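To keep things clear, I will list the structure first and then write my remarks on it.
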Amino acid sequence: MQKWTPKHEAPEPLEGPVVATITGGTILWFVLFLVQVPFYGWFDDRGHAWWIWVCLAGAGLGLIGIWYVRGRDAAIKRAAARTGTGPAGADPAHH
């Protein structure tokens, strides 16, 4: 079997408002959980109670995600301050 090798360079990772995106997703999962809780009996009667717990798990994992991306963002900013460049290697003098 031949080892696969890429034929082109991988694109740069997309950067954006990562903390806001993860926070928004976490809030969405928690809202979905809260909306479904009053209908627990309906979901349980149909064998879909797991939907409610998936939403709660999404909110819980989102909290871990918020903690992670905030720490990542802070580390990127600290590294940029040490090297004198902005995020993703941008020169702050050009902004």
Return one number: the angle in degrees, 0 to 90 and rounded to the nearest 10, between the long axis of the Cα atoms of helix 50-83 and the longest principal axis of the Cα atoms of the chain. 20
In the chain, with Lys and Arg counted as +1 and Asp and Glu as -1 at Cβ, which of these residues, W53, F39, I22, has the Cα nearest the positive end of the dipole, that is, farthest along it? I22
Helix axis angle, 18-36 relative to the chain longest principal axis, alpha carbon, degrees: 0
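With +1 on each Lys and Arg Cβ and -1 on each Asp and Glu Cβ, how big is the dipole of the stretch 18-85 about its Cα centre, in debye rounded to the nearest 20? Mind showing how you got there, number by number?
Numbers: 6 positive and 3 negative charges, 115 e Å.
Rounded to the nearest 20 debye, it is 560 debye.
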I'd like the Kirkwood hydrodynamic radius of the chain, using the inverse of the mean 1/r over distinct C-alpha pairs, in Å. 16.9
Range in the chain, longest, excluding exposed trypsin sites (Lys or Arg not before Pro) [loop by DSSP; at most 10 other beta-carbon atoms within 10 Å]: 47-95
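No lab work stands behind these numbers, since they all come straight from the coordinates. As the structure is a computational prediction, the values presented were derived from the model and not from experiment. Positions of Cβ are backbone-derived with ideal geometry, glycine not excepted, and every protein chain shown enters the neighbour counts.
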